[in-house]
Amino acid sequence: MKYFINAKAFKADNDTGTLVILAEDGREYTTDKKTADADALAAFIDAKKHGKAEFWGFDAEELWAAMRETYSLPKTYHDLKDWHEELGSPTLPAAPYPMTPPGQHARWNMDVWSFLNRYAGQVEATEGEEEEEPHDEEHVGKRKRKSSRRK
C-alpha cells in the first residue's frame, strides 16, 4: 500500500505542526505533533490488512526525519522529486494553489505518483520498441538506459 505524506510545520525540533498521510485506497490519517499516536498510525498502516507500507513524499526528507523520530518508522521513503528527475523532469500535473491544508499536497503527491508511473511506462514502452541500431563503430556497444517504473 502506498502512503502519500505531507505536513505543515511538522518538524523534529518542535511540538507543533500537522501531518497528513493519504493512503492510495483513499483513507486519510491526520494528526498534530502534540497528539501524535504511534499506535493509531500503526493501525492505519497495518501490513496484515493493507500490505507492505511504501511512503512517498515530494522532497520530504525533513518531514520523513520528523516522522521517523515521532513514530519509529523505517529509514527510507520514496522521493517523488528524485523519481521525477530520473525520468528527465517531465511537466508535472498542476498543483492546486494555495495548498495550505497539508491534505491537498498529499493528494497532489498521489497525483504526481500516478502521473510519473504512467510516464515511466510510456518511456519503457518506447525504449522497448525495435529500433534500427547504427552500424558505425562510434555506436557499437552503446546501450540504452532503462527507465525506472515503480510498481
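Just so it is clear, none of the values below were taken in a lab; they were calculated from the coordinates. Predicted model only: the values in this text are computed from it and were never measured. Cβ placement follows ideal geometry from the backbone for every residue including glycine, while neighbour counts extend to all protein chains displayed.
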Rounded, prolate or oblate (a/c below 1.5 giving rounded, otherwise prolate when a/b exceeds b/c) for region 2-128 by Cα gyration tensor: prolate
Sequence ranges 68-74, 46-52, 27-33, 86-92, ranked by mean other-Cβ count within 10 angstrom, highest first: 27-33, 68-74, 86-92, 46-52
Size of electric dipole in region 2-128: Cβ of Lys, Arg +1 and of Asp, Glu -1, about Cα centre, debye, nearest 20: 340
Most to least packed among 58-64, 119-125 [average Cβ atoms within 10 Å]: 58-64, 119-125
FRET efficiency, 1/(1 + (r/R0)^6) with R0 30 Å, evaluated for A43 and E85 via beta carbons: 0.30
Efficiency of FRET from Cβ geometry, M1 and A125, R₀ 25 Å, rounded to 0.05: 0.45
